[in-house]
1. Return one number: the angle in degrees, 0 to 90 and rounded to the nearest 10, between the long axis of the Cα atoms of helix 19-32 and the longest principal axis of the Cα atoms of the chain.
2. What is the angle, in °, between the Cα long axis of helix 38-58 and the longest principal axis of the Cα atoms in the chain? Nearest 10 is fine, range 0 to 90.
3. Taking the Cα atoms only, what angle lies between the long axis of helix 3-15 and the longest principal axis of the chain, rounded to 10 degrees?
4. Give the residue from PHE11, ALA61, VAL24 lying farthest towards the positive end of the charge dipole for the chain; charges sit on Cβ (+1 for Lys and Arg, -1 for Asp and Glu) and the dipole is referred to the Cα centre.
5. Could you tell me which label, among (1) 0.97; (2) 1.98; (3) 1.03, carries the value of Cα Rg over 2.2 N^0.38 Å calculated for this structure?
Amino acid sequence: MTSLAMTNKIFEQALDLPTDDRMVLIDKLLHSANLPTQSEIDKLWSEEVEKRCKDLESGKAKLIPGDEVFKKIRRRFGK
């Protein structure tokens with residue numbers, strides 16, 4: 001049996017599981033892929049927000065009004 005055929009067979013079997021069991025399976029598969037968890041993603045976003053706030057407060061970065069940004073985009077891409 002090919003890997004794809006086996007994957008499809010497992011998928012079809014998984015569809016027969018109760019919803020709670022499918023959610024556990026999904027969680028385990030995602031965890032096995034070593035993807036970041038939601039809490040890790042939230043932590044990274046929080047750190048990024050803090051960094052950007054500090055950059056604004058120190059003058060390292062500056063805010064650009066949205067209409068100015070969109071004008072530059074329209075000029076650049078001709079829309």
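Each value in this text was obtained by applying a stated rule to the coordinates, not by laboratory testing. Source: prediction; values computed, not measured. Cβ sites come from the backbone with ideal geometry, for glycine too, and all protein chains shown count toward neighbours.
1. Roughly 60 degrees, rounded to the nearest 10.
2. Orientation of helix 38-58: about 10 degrees from the principal axis.
3. Between the helix axis and the principal axis of the chain, the angle is about 90 degrees.
4. ALA61
5. Correct label is (2).
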